[in-house]
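First up is the structure itself, then whatever we jot down about it.
Derivation of every value follows stated rules applied to the coordinates shown; laboratory data play no part. Quantities reported herein were computed from a predicted structural model and do not represent experimental measurements. All Cβ positions, glycine included, derive from the backbone under ideal geometry; neighbour counts span all protein chains shown.
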Amino acid sequence: MDPELSQFLGGNSATPKPETSAIPPKPPTQPMPPPPVPPKPTTPETPTSLHGQTIGPFFSDLNGNHDNKDAELKPLRTYEGDVAAFMKSHGTSTVSIATAESQRRAATPIERVSTTTGEEPKSYTTLIVTIISLILVVGGITAIFFAVNSVKPPTTVIVEEIKTLIPTESQKGIDLNLIDTARLKLILQNEVSNSKIPLGSFLGFYFTQTNASTGKQILPAQQFLKLLVKNIPDSLLRTISNDFLFGLVSYDGNRPFLILKVDSFQQAYASMLEWEKDLAYDFSDLLAYPNDTSVATTTASTNALLFNDQLFSDTVIKNKDVRILRTATGRTRILYSILDQSTILITPSENAFGKVLERLATASLVR
């Protein structure tokens, strides 16, 4: 058996004891170096004066500089104790301290601090500005509204350009609703006397009536003549067309004229000869000269004697055959001419006759 196995199993074989070696001696212990001494805290230098005044030993004591080694160390320092020590060391009292504090406060200006924050005044100002702005805006809108609604725009009368038988510098409309013969003659007589027309210019009139079904319409020549004159022959009315022109020409005063258009020359010629006995009478209020009142002051019977068919005579003006009525003194009262196959001109003035004839030639109405 193996010796090591026998020894393990506790066999009888004796196990040899190991030899004991001598223990070496311990080395000598080295003394440990002393721990480093921390640096002593530096004590701040105690000020000897404050605001020009000498600081006593009270503040020196506060900094830990105890000159009196016999002073008793207080376990707890308080503000009251410090004040008492300061008063004891400086020989002051509470009254002197209060007096000094009062003098200091009196010498120092007091800064008044508003109890409100800076945003409150700003917010208040903004609110006021906003309210004023709203009032101004509302007031402006209200003013504009009342101005627009209270001031009505002026009524614009649109005068349509009426096509006339000759060119005229101006036109004027006359409404004949509820107008009788006497009223119409007064209106026309006033226009003849008071119209302001530049020299050599023409003013043309057009006459209207309002019908319930058709509205305002231009009055045709037949209705105008029936309203203006009473003795016009019916044969002449039947041949007269709707177009006519009553107007004024400024030459030697305002001179009226009447232009009629006819369908039949023969019938118109015969009818005018028939009308001559009453022609001057029918137009006496319109065709007389402005300063001549002899016709207007005479009676109808006298007019019949003054203006009869025997006083009309033939003459030629501007190469046109004319029938003219003169007074006993040779003054022209009224004249008429059938200028062509369809145009009749009636006027109280030879000069007006010539001016109208020139306009008719300009309008290419005279052939």
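Search the structure for amide H atoms under 5 Å from the amide H of Y251, placed 1.01 Å from N in the peptide plane, and list their residues when 5 or more places away or on another chain.
Here the answer is G200, since their amide H atoms fall under 5 Å of that of Y251.
Any idea how far apart E274 and K318 come out in nm if each label point goes 7 Å out from Cα toward Cβ?
2.9 nm
With the cut-off at 1.5 for a/c, could you classify the stretch 170-362 from its C-alpha gyration tensor as rounded, prolate or oblate? Intermediate values should be presented prior to the final figure.
Values: a/c = 1.27, a/b = 1.22, b/c = 1.04.
It is rounded, given that a/c, with a ≥ b ≥ c, falls under 1.5.
How charged is the neighbourhood of Y251? Take every other residue with its Cβ under 15 Å from the Cβ of Y251, and add Lys/Arg as +1 and Asp/Glu as -1. Before the final figure, lay out each step's value.
On the way: positive: K196, R255, K318, K355, R359; negative: E169, D252, E350, E358.
Residues close to Y251 contribute a combined charge of +1.
Gain in length, T99 to T181, computed as 0.36 nm per residue apart minus the alpha-carbon separation, to one decimal in nm?
Details: separation 82, 0.36 × 82 = 29.52 nm, distance 11.90 nm.
Once the chain is fully extended between T99 and T181, it gains 17.6 nm.
Hey, what do the phi angles of the stretch 220-229 turn into as Karplus ³J(HN,Hα) couplings, whole Hz, using 6.51/-1.76/1.60 and θ = phi - 60°, x for Gly and Pro?
x, 4, 4, 5, 5, 5, 4, 7, 8, 10
Under the Karplus relation 6.51 cos²θ - 1.76 cosθ + 1.60, θ = phi - 60°, what is the ordered set of whole-Hz ³J(HN,Hα) values for the stretch 245-260, x standing for Gly and Pro?
Going residue by residue, I get 8, 9, x, 10, 10, 8, 9, 9, x, 7, 10, x, 8, 9, 10, 10 Hz, with x marking Gly and Pro.
At a 10 Å Cβ-Cβ cut-off, how would you order E101, E358, E191, fewest neighbours first? Each step should come with its number before you reach the end.
Working: E101 10, E358 13, E191 19.
Least to most surrounded, the residues fall as E101, E358, E191.
Quick one: net charge of V322's neighbours, Cβ under 10 Å, K/R +1, D/E -1? Could the numbers behind the result be given before it?
Working: positive: K318, K320, R323; negative: D314, D321, E350.
Net local charge, V322 excluded: 0.
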